[in-house]
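Just below is one structure, and these are the notes that go with it.
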Amino acid sequence: MTNICKINLKIRGEGIPIVLLHGFMENLEIWKYVYNSISNKYKVLSIDLPGHGKSIYTLEKNAVFTMEKAAEIVKKILEKKNIQKAVFIGHSMGGYIALAMAEKYPEMFLGLCLLHSTTESDPLEKKKRRIKSIQLAINNYPLFISTSIKKLFNNEKLSSLQEEIDFVNKIAFHTHINSVISFLRGMAIRKNRKFLLKKTQFPKLYIAGLYDLILDIRKIYEEIKNGNQIYFFAIPTGHMGHIEQPKEIIKILENFIDFSILK
């Protein structure tokens, strides 16, 4: 089967390029608050990753979409837009894809923000859970989505975050099941890129949620030890800080971008 690839993106603003890479079962609309704010100061490019949002990428049921393959697609998009250097901001899976790019093309990075993301590969138990969840997606896709999305938010504030949860749910439902399955497989086999924290010379920012059920903040503390040019913020959110507390995220990102540009 020949892949049909058509990538949707938005570009707005002038100046230093900022590349926004969304997470699993999301699309570029997830960045609406960040995009609208920082595009007043910078040239912001937001991408619907393959098989997400309005991007078209035909995938068979048994396909595996690796982080490396996604990284190469992003690289080609930037080349077409004549973007040679940028600050990359990756949420969750978007961070994994940015790291795959950083390993192969470090010269393109003015800075990298891992927003609720990690350089670590999946431990064995998490790999098993990802693969097991594929069967739930096949058997009951609506249940798979609603269960997955609830885990992304601060569990103590679910009732007050219902509008935000509905927004993310709506986006997730528009992700084709074949894309969901192929990216689950791709994330499960992604490599550990912790070595990049020492090897790369550009600034790196971690933003972690104190109430994140997906990534344990204690493990993030351990991950960033002995890294090079690493900055860290802990915020009182779950896995969706840019939706739960966008003003705080925007402030942190703008300071980091300004710092990265001046380095």
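Yes or no, residue by residue, for (1) in contact with an Asp or Glu (Cβ under 6 Å, 6 or more places away or on another chain); (2) closer than 13 Å to Leu9 by Cα; (3) of a type outside the set (Phe, Trp, Tyr); (4) not in a helix (DSSP H, G or I):
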| site | (1), (2), (3), (4) |
| --- | --- |
| Ser37 | no, no, yes, no |
| Ser46 | no, yes, yes, yes |
| Lys54 | yes, yes, yes, yes |
| Asn62 | no, no, yes, yes |
| Val74 | no, yes, yes, no |
| Asn82 | no, no, yes, yes |
| Phe88 | no, no, no, yes |
| Gly95 | no, no, yes, no |
Requested in this report: Kindly indicate whether Glu120 is of a type in the set (Asp, Glu), within 22 Å of Lys204 (Cβ to Cβ) and over 16 Å from the mean Cα position of the chain (by Cα).
Outcome: no
Requested in this report: Please enumerate the residues belonging to segment 137-162 that are more than 14 Å from Val180 (Cα to Cα) and either of a type in the set (Asp, Glu) or not in a helix (DSSP H, G or I) (or both).
Outcome: Lys151, Leu152, Phe153, Asn154, Glu156, Leu158, Ser159, Ser160, Leu161
Report task. Identify, from the list Ala208, Ala172, the residue that is closer than 16 Å to Ile243 by Cβ, surrounded by 14 or more Cβ atoms within 10 Å (Cβ to Cβ) and in contact with a strand residue (DSSP E or B) (Cβ under 6 Å, 6 or more places away or on another chain). Result -> Ala208
Report summary line: Taking segment 36-69 and keeping residues more than 27 Å from Glu103 (Cβ to Cβ) and modelled with pLDDT of 90 or more leaves Asn36, Ser37, Ser39, Asn40, Lys41, Lys54
Query raised in the report: Say we look at segment 95-125 and pick out the residues that are of a type in the set (Ser, Thr, Tyr) and more than 16 Å from Leu253 (Cα to Cα); which of these is surrounded by the fewest Cβ atoms within 10 Å (Cβ to Cβ)?
Result: Tyr105
Query - Failed item in (1) among the β-branched types (Val, Ile, Thr); (2) out of contact with any helix residue (DSSP H, G or I) (no Cβ under 7 Å at 6 or more places or on another chain); (3) modelled with pLDDT under 95, with Ile131 passing the rest - result: (2)
**Report entry** Condition check for Leu262: within 26 Å of Gly15 (Cβ to Cβ) and at pLDDT below 95
**Finding:** yes
Query raised in the report: Got a sec? Which of Ala208, Ala188 is touching a Lys or Arg at 6+ places or on another chain (Cβ under 7 Å) and under 26 Å from Lys127 (Cα atoms)?
Result: Ala188
Report task. Take segment 170-199 and flag every residue that is assigned to a loop (DSSP other than H, G, I, E, B) and modelled with pLDDT of 95 or more. Result -> Ile189, Arg190, Lys191, Asn192, Arg193, Lys194, Phe195
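Among the listed residues Ser92, Ser133, Ser148, identify the single one that is surrounded by 14 or more Cβ atoms within 10 Å (Cβ to Cβ) and more than 28 Å from Val44 (Cβ to Cβ).
Of the residues listed, the single one that is surrounded by 14 or more Cβ atoms within 10 Å (Cβ to Cβ) and more than 28 Å from Val44 (Cβ to Cβ) is Ser133.
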Report task. Report, ordered by the first and then the second residue, all pairs with beta carbons closer than 7 Å, sequence separation of six or more or different chains, a first member in segment 211-227 that is over 18 Å from Lys127 (Cβ atoms), and a second member that is aromatic (Phe, Trp, Tyr). Result -> Ile220/Tyr206; Ile224/Tyr206; Ile224/Phe232
Report summary line: Of Asn82, Asn36, the only residue that is out of contact with any helix residue (DSSP H, G or I) (no Cβ under 9 Å at 6 or more places or on another chain) and either buried (at least 24 other Cβ atoms within 10 Å of the Cβ) or under 22 Å from Gly241 (Cβ atoms) (or both) is Asn36
Query raised in the report: Among (1) assigned to a strand (DSSP E or B); (2) under 14 Å from Gly95 (Cβ atoms), which single condition is Phe233 missing?
Result: (2)
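The values are calculated or read from the model by the stated rules, or taken from the named source; none is laboratory data. Since the model is a prediction, treat every value here as computed from it, not as a measurement. Ideal geometry is used to build each Cβ from the backbone, glycine not excepted, and the neighbour counts take in all protein chains shown.
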